[in-house]
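Worksheet: the structure to be examined is printed underneath.
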Amino acid sequence: MRKRSPAALVLAALAIAILPISGCWNAQRDDLQLSGMKFAIVVKSEDNSYFKRIIEGFSAVVQSQGGTPVVREPSRATAEEQIRIINNLISDKVDVIAIATNSESAVAPALQKAIEQGIQVISFDSAAEPPSRAMHVNQADAQVIAKALMDAAADITGGNGQVAIMSTTNQANNQNTWIGGMRGLLEAGVYPGLMLVNIVYGEDDYDITYQKTQHLIDTYPDLALVIAPTAAGIPAVAQCIVNNGLEDRIKVIGLGMPSQMAQYIGNNRVCPYMFLWDLDELGKLTAYAAIALANGTVSGQVGEILPAGEMGEYHITGDLFGGSEIALQAEPIRFDQSNIEYWRNIY
Ligand code: RAM
């Protein structure tokens, strides 16, 4: 059961007492119920601008509803760091933990311990295992993301050539799910002229990603394209190709932040186009999901409707892993020559 401070209980009782005479019941109820409650967000790693924007959206919503955001950024994108952080959050008696997992299996025991202590757990961006979270906040349908990336690969290479995937960590649930979708499409023969030669892991780290890109370039002289479904990694792939003077022969596509990729995006540049979603909104939706679970509006079951303030309502549906999720967007946003100047100023 969720724990509340004595002050919060008194305020909740007062709120119930004024219910019949209050014309502003909904606004007052949210503020009063969240007062003194702590909402933790645990990202994959620090120094990743992608998560900074999500944290901003999350914290803004939590604060606007009277709660306290608790931000935790591991120094490296490892499960070990996240387990240490989760255990500390349990000791700190936070009310909710929202996590983007570096390894869904490795963090599961720590998250289950949190649940046993009465903490509500959700995942966002990179899913936790269903038994160790009430629900997942997905950025967009994984299969739609996989198809968008593979269609782009076929489009940019003319449908023929060697492609490699630059991922993050080898246990990351989101990248592994997208890669699974891409491999499934290749195995089904949807792109008969494309050959996947390797999948490498840049650890969501610029320098490691750069080195691994150089290794790909050196190993595969006929490489035509790198697919980089990592916002932290895609600028390093682009820069490495440019530094080798190969941007006319090797292209990069993937998921990235417009502000970091604008210099590489364009019809004749190293990255003709790429995709992402609205980071601020992903952070906000994660906060609304955390709040709805904390105040008992939803329990995370398939079929429930989650209220998300100015963002509207979201249907909780089944996910690929036997758990439940809400999805921010039906499809990722495409950034190309026509709109990159606009988006680079947004995030
Ligand atoms: C990286 C992270 C994150 C992913 C984005 C696209 O920064 O790995 O989990 O969703 O890229």
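What are the trypsin sites (Lys or Arg not before Pro) within region 246-290 that DSSP puts in a loop, where the Cβ has at most 11 other Cβ atoms within 10 Å?
none
How far is the Cα center of region 298-320 from the Cα center of region 95-123, in Å?
Rounded to whole Å, the Cα centres lie 19 Å apart.
Extent of region 53-153 along each principal axis, from alpha carbon coordinates, in Å, largest to smallest?
47, 33, 26
What 222 nm value per residue comes from the helices of the chain, counting each DSSP H run with n ≥ 4 as -39,500 (n - 2.57) and dividing by all residues, nearest 500 deg cm²/dmol?
Calculated mean residue ellipticity at 222 nm is -12500 deg cm²/dmol.
Quick one: dipole size for region 212-302, taken about the Cα centre, charges +1 on Lys/Arg Cβ and -1 on Asp/Glu Cβ, in debye to the nearest 20.
Rounded to the nearest 20 debye, it is 40 debye.
Of the DSSP beta bridges with both residues in the chain, give the percent that are antiparallel, rounding to the nearest 5.
Roughly 20 percent of the DSSP beta bridges within the chain come out antiparallel.
Calculated FRET efficiency, Val144 and Ile305, Cβ-Cβ r, R0 25 Å, to nearest 0.05?
0.70
I'd like the distance separating the alpha-carbon centroids of region 268-291 and region 190-255, in whole Å.
22 Å
Just to check, using Stokes-Einstein with a Kirkwood Rh over alpha carbon pairs, what's the diffusion coefficient of the chain at 20 °C and 1.002 mPa s in µm²/s?
Taking Rh from Cα pairs, D becomes 102 µm²/s.
Full extension from Arg84 to Ala188: what is 0.36 nm times the residue separation minus their Cα-Cα distance, to one decimal in nm?
Gain on stretching Arg84 to Ala188: 33.3 nm.
For the pair Val71/Glu341, report the inter-label distance in nm, with labels modelled 7 Å from Cα in the Cβ direction.
For the pair Val71/Glu341, the computed spacing is 3.2 nm.
Provide Cys240, Cys271 in ascending order of the number of other Cβ atoms located within 10 Å of each residue's Cβ, fewest first.
Result, fewest neighbours first: Cys240, Cys271.
Using a 10 Å cut-off around each Cβ, can you sort Ser126, Ser35, Ser324 from fewest to most neighbouring Cβ atoms?
In increasing order of surrounding Cβ atoms, one gets Ser35, Ser324, Ser126.
Once Rh is set to the Kirkwood radius over Cα pairs, what Stokes-Einstein translational diffusion coefficient, in µm²/s, holds for region 30-95 at a temperature of 4 °C and a viscosity of 1.567 mPa s?
104 µm²/s
Using the eigenvalues of the Cα gyration tensor, what equivalent ellipsoid semi-axes result for region 190-235 when each is taken as the square root of five times the eigenvalue, whole Å, largest first?
One finds semi-axes of 20, 13, 8 Å for region 190-235.
Go ahead and collect, in residue order, the members of region 56-92 whose backbone nitrogen is under 17 Å from a label point 7 Å along the Cα-Cβ direction of Lys113.
It comes to 79-92, nothing else.
Every number in this text was worked out from the coordinates using simple rules, so none of it is lab data. Just so it is clear, the structure is predicted and the values come from calculations on it, not from any experiment. Backbone-built Cβ (ideal geometry, glycine too); neighbour counts: all protein chains shown.
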